[in-house]
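Everything below concerns the one structure shown next.
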Amino acid sequence: MGLSGSAASDLRLITIAVLGLDQAGKTTTVKALEGVPTDCVTPTLGYCLSHITHKNGKINLVDLGGVSTFRDSWKHYYDDSHGFIYVIDSSEMERIEENQSVFEKLLQEDKVKGKPILILANKQDKPSALDENGILKALNIEKLLDQHKTLCRVILCTAQSLGRANKINESITHGFDWLVKTINAHYEDLRRRVDNDVQIKKQIESIEKSERAERVKKIREERANQSGGQRENDDDIYDGTENPYIPIQQAIRNAEIRNSD
Ligand SMILES: Nc1nc2c(ncn2[C@@H]2O[C@H](COP(=O)(O)OP(=O)(O)OP(=O)(O)O)[C@@H](O)[C@H]2O)c(=O)[nH]1
Ligand SMILES: [Mg+2]
């Protein structure tokens, strides 16, 4: 039996990745959306997954670390995402150029193009914060959006509750409502894209896993042959996995092995 009307929309699962430079206020925004205190945040190492319920819909929020060394890993989260939140510290003039180039690069990604993006111009409580026009100009947003045909909205906000315990800034709610509504309006297209991209990602991962296993097996066999069949310690075998959070000694050994290839 097919699902129709509200029953179908009740079952919709939406994934939204939260992006932006380090210190922009992504985690603070996610906490505000979760309805938990925003006054105690620490930098995000890697990513952090939250689940919230929004008007009967289930939403996964993927809060990604914004530090430059992790930004190359953002791409692993684009496939699953139906939409994005891009958070900017509107008061930080020295990082506007960096923001512009990161945002431009983001819009050029195939898995991002055409998906709705909510830009949160955060930290409006700071006197030096740019207003909407300032943000549009500084990030060259209109030109980029026109070029990449992306649905986007800029919302000025203050994610930190600043003494009004747990009270979410109304503009964040307003912006988030727009994002979810826009995703829902294009849900079938977005779902097809996400399902297709996730499927391809899984196939690629599975091929890479078999190739890695094959490489490791081959090295083990060669070592066993060289040592006359005696078992050796294989901990140093580099299997090709790009994991930024391995112990430093292991990372050094992996780099040495790669350089000696
Ligand atoms: N004044 C002010 N400070 C804020 C606001 N939102 C966040 N902050 C502060 O900005 C700092 C960084 O906030 P986070 O939410 O950790 O930033 P992030 O984007 O998640 O940073 P990474 O996890 O490092 O990528 C923290 O000290 C927050 O308290 C805001 O609206 N106003
Ligand atoms: Mg964070």
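Is segment 86-103 home to any residue that is within 16 Å of ligand 2 (Cβ to nearest atom) and under 12 Å from the mean Cα position of the chain (by Cα)?
Checking segment 86-103: at least one residue is within 16 Å of ligand 2 (Cβ to nearest atom) and under 12 Å from the mean Cα position of the chain (by Cα).
For the structure I just gave you, tell me whether residue 180 is under 22 Å from residue 28 (Cα atoms), within 16 Å of ligand 2 (Cβ to nearest atom) and assigned to a helix (DSSP H, G or I). Considered against the rule, which asks whether it is under 22 Å from residue 28 (Cα atoms), within 16 Å of ligand 2 (Cβ to nearest atom) and assigned to a helix (DSSP H, G or I), residue 180 comes out as no.
Look at segment 193-213: where a residue is more than 16 Å from residue 76 (Cβ to Cβ), no partner that is among the aromatic types (Phe, Trp, Tyr) sits 6+ places away or on another chain with Cβ atoms under 9 Å. Residues of segment 46-75 being more than 14 Å from residue 102 (Cβ to Cβ) and in contact (Cβ under 8 Å) with a residue 24 or more places away in the chain, which ones? Those that are more than 14 Å from residue 102 (Cβ to Cβ) and in contact (Cβ under 8 Å) with a residue 24 or more places away in the chain: 46, 47, 54, 55, 56, 57, 58, 59, 60, 61, 62, 63. Within segment 37-53, the residues that satisfy the criterion of being among the polar types (S, T, N, Q), surrounded by 16 or more Cβ atoms within 10 Å (Cβ to Cβ) and within 11 Å of ligand 1 (Cβ to nearest atom) are 38, 44. Answer with yes or no whether residue 54 is away from ligand 2 (no atom under 16 Å from the Cβ), over 13 Å from the mean Cα position of the chain (by Cα) and modelled with pLDDT under 95. The answer is yes for residue 54.
Residue 79 fails exactly one of the following numbered conditions: (1) out of contact with any helix residue (DSSP H, G or I) (no Cβ under 8 Å at 6 or more places or on another chain); (2) more than 16 Å from ligand 1 (Cβ to nearest atom). What is the number of that condition? Residue 79 satisfies every listed condition except (1).
The values are calculated or read from the model by the stated rules, or taken from the named source; none is laboratory data. Everything numeric here is computed off the predicted structure, so don't read it as measured data. Don't worry about glycine lacking a Cβ; one is built from the backbone with ideal geometry, like all the others, and counts go over all protein chains shown.
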